[in-house]
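Input: a single structure, listed below in structure tokens.
Just so it is clear, none of the values below were taken in a lab; they were calculated from the coordinates. These figures come from a predicted structure and were not determined experimentally. Glycine gets a Cβ as well: all are built from the backbone with ideal geometry, and neighbour counts include every protein chain shown.
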Amino acid sequence: MLGDNDLEDIQHLGQAYQRLAGELGKVIVGQHDVVEQLLVAMFARGHCLLVGVPGLAKTLLIRTLADTLSLRFSRVQFTPDLMPADITGTEVIQEDKATGTREFRFLEGPLFANIVLADEINRTPPKTQAALLEAMQEKQVTVGGQRYTLPEPFFVLATQNPIEQEGTYPLPEAQLDRFMFMVHVDYPDADEELAIVKQTTADFEAVVSEALSADEILRLSHVVRRVPIADHLAKYAISLVRQTRKDKAATALPEIVSKYVSWGAGPRASQYLVLAAKARAALAGRHCVEREDLKAVAAPVLRHRLITNFNAEADGVTADEVIKHLVDTTPVEAESAA
């Protein structure tokens, strides 16, 4: 149940979302769905994987977002020779000139930031990806047997190029599952591209203002978790996820799933569906989750958790098409009962 303070915080969050979108709009043309999904994941305390071809302003968007939130930003260009110590930090020997004694001192790596941009994450070897995985899941790094806690809030926003696969290391399913959203960044339409060209070829530099502080983000992320969701909507979210699984106990498996899906989504998908829907409702200034919230976040939550088979590849069926079919055909119990 939301208290009076929570209701005020949700109203404040809705206003902050409008300010954030406005500040980002000074630099980023279009990409409204991408901006919404990034902010939903952020206030749900989740990580994002942005997938799109080069030149779609993925890096610029993340950098601008960090500026509007007054958060410490760090960018890591992932390359095949990147080692875990390059991102976590390392221990060096430091000598005390007064006493002559030497001791180890830990130098923090780029992971010690609030927003970490992991650029082209699939270009680095599994050993470095594993170090990033610990940071994402545990909010800490381990160096020399010592654990170091990362600053709060902590978000990993990674980018991946879907068309250039030579010399890359595909992300393991376990690490993909740690990302709350996989966000597709698409080409702009003709009007947006005209606006981009005019804006970026003129002698003009947009200046963004701070819309929220780190402390406010932490406080409001707790409010998001207190947003209520009706039982029938929570069951709808679970039903969406369970229908993707070829479980022996499953009954009436949708034909599109039995034909095109090898492996379905795990329980983390159900958790993220509900949490993301709560964040989306709060960002809109609403005090409870609606079905439209769940439908809006279904694709970014599920698309990287479904493994399609050879039949899907042969017929040109994508994970997004499977998800859309499930969203459109799965009934909500309360609606059918009414």
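What FRET efficiency comes out for the pair residue 197/residue 333, r = Cβ-Cβ distance, R0 = 45 Å, nearest 0.05? It would help to have the intermediate numbers written out before the result.
Details: r = 50 Å, r/R0 = 1.11.
In this case the efficiency is close to 0.35.
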Checklist entry - Under a plain spin-label model, where a point goes 7 Å from the Cα along Cα-to-Cβ, how far apart in nm are residue 290 and residue 262? => result 3.9 nm
Checklist entry - Any idea which of 121, 32, 258 is furthest toward the positive side of the dipole for the chain, if Lys and Arg beta-carbons carry +1 and Asp and Glu beta-carbons -1? => result 258
Checklist entry - Cross-link partners among aspartates and glutamates for residue 259, C-alpha distance below 17 Å, same-chain residues fewer than 8 apart left out? => result 247, 313, 315, 320, 321
Item to check | Amide H contacts under 5 Å for residue 75, placed H, 5+ residues apart | outcome: 117
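Using unit Cβ charges (K, R positive; D, E negative) and no other charged atoms, how large, in debye to the nearest 20, is the dipole of the chain about its Cα centre? List each step's numbers first, then the result.
Numbers: 34 positive and 47 negative charges, 198 e Å.
Charge dipole, the chain, about its Cα centre: 960 debye, nearest 20.
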Next on the checklist: Need the list of lysines near residue 278 for cross-linking: C-alpha distance under 27 angstrom, and skip anything on the same chain fewer than eight residues off.
Outcome noted: 58, 139, 235, 295, 324
Checklist outcome for this item: For the range 129-142, in residue order, the Karplus 3J(HN,Hα) values (coefficients 6.51, -1.76, 1.60; θ = phi - 60°; whole Hz; Gly and Pro = x) are 4, 5, 5, 5, 4, 4, 5, 5, 7, 9, 6, 7, 10, 10
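Between residue 213 and residue 7, what FRET efficiency comes out of the Förster formula 1/(1 + (r/R0)^6) with R0 = 30 Å and r the beta carbon distance, rounded to 0.05?
E(calc), rounded to 0.05, equals 0.90.
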Checklist entry - Antiparallel as a % of all DSSP beta bridges within the chain, to the nearest 5? => result 40 percent
Checklist outcome for this item: The ³J(HN,Hα) series, computed from each phi in the range 298-305 with the Karplus coefficients 6.51, -1.76 and 1.60 at θ = phi - 60°, rounded to the nearest Hz and given as x for glycine or proline, is 4, 5, x, 7, 9, 4, 9, 10
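Could you tally the net charge around residue 178, taking each other residue with its Cβ under 14 Å from the Cβ of residue 178, Lys/Arg +1 and Asp/Glu -1?
The answer is 0.
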Item to check | Length gained when the stretch residue 187-residue 147 is fully extended (0.36 nm per residue, less Cα-Cα span) | outcome: 10.2 nm
